[in-house]
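Down below is the structure, laid out as C-alpha cells.
Values quoted throughout were computed directly from the atomic coordinates according to the rules given, and no laboratory measurement underlies them. Nothing here was measured: the structure is a model prediction, and the numbers come from that model. Every residue, glycine among them, receives a Cβ derived from its backbone with ideal geometry; neighbour counts consider all protein chains shown.
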Amino acid sequence: MIVREMCLDDLEMIVKIEEELYKVPWHKEQYEYELKNNEFSYLFVLENDGVIVGYYGFWLMFDDVDITKVSIRKEFQGFKLSNILMEDCLKRVKMLGCKKVNLEVRKDNFRAINLYKKYGFKEVYVRKNYYGNNEDGIVFSKEVL
Ligand SMILES: CC(C)(COP(=O)(O)OP(=O)(O)OC[C@H]1O[C@@H](n2cnc3c(N)ncnc32)[C@H](O)[C@@H]1OP(=O)(O)O)[C@@H](O)C(=O)NCCC(=O)NCCS
C-alpha cells in the first residue's frame, strides 16, 4: 500500500468511487479545479498494486486545515484502511505547520465519526439541517501539537 499525490489521470476512477460513496459527490470538474487551480488544496490516493482503494484531501488555509475527503472504496471498507489515510493526513498537516484540523460529517455517519474520535477529534458544534432533509452536520476539530 502506498499513499501518493492524486493526479489528473486518477480522476476517472476517483469520480466512479466518489459517486458510489457520497450522496452529493464532487464531479470531475471539481477535482480538476482542486488539482489545477486551487493552491490551498491537497489530494492523495491510497494505492495497492496500482489499484486505487481510497483517497483523502484537505484545504490548508494559514494555520488551519479543513479535511475535504476521507474515502475508502466500498469493497475495501471494514479493514481499517482509513487508518492509513488518517495517519498520513495528520503527519502531513503537522509537517506543513498546521495548528488545527477541522472536518464536517453527517450526524448518522457512525463509521466516520468513530474513526475521527479514535484520532482525537472532538465535536465542536452541530450545523442543524446542514445537508437538507433534516440531516445535521457535525463539525469536529483537533489541535495539532
Ligand atoms: C468512513 C470510512 C473512510 C471508514 O473507512 P474504513 O477503512 O472502512 O473504516 P474502518 O474499518 O477503519 O472503521 C472505522 C471505525 O468505525 C467502526 N465501524 C465500522 N463499521 C461500523 C458501523 N457499521 N457502525 C459504527 N462504527 C463502525 C470501526 O469499528 C472502526 O473503529 P475501530 O478501529 O475503533 O474499530 C469509509 O467507511 C468510507 O469511505 N465511507 C464513505 C465516505 C465517507 O462517508 N467518508 C467520510 C466523510 S466525512
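Details
- Residues being in contact (Cβ under 8 Å) with a residue 60 or more places away in the chain and buried (at least 19 other Cβ atoms within 10 Å of the Cβ) - total across region 17-52: 0
- Spans of strands (runs of 3 or more DSSP E) in region 53-145 with at least 3 residues more than 11 Å from the ligand (Cβ to nearest atom), surrounded by fewer than 15 Cβ atoms within 10 Å (Cβ to Cβ) and β-branched (Val, Ile, Thr): none
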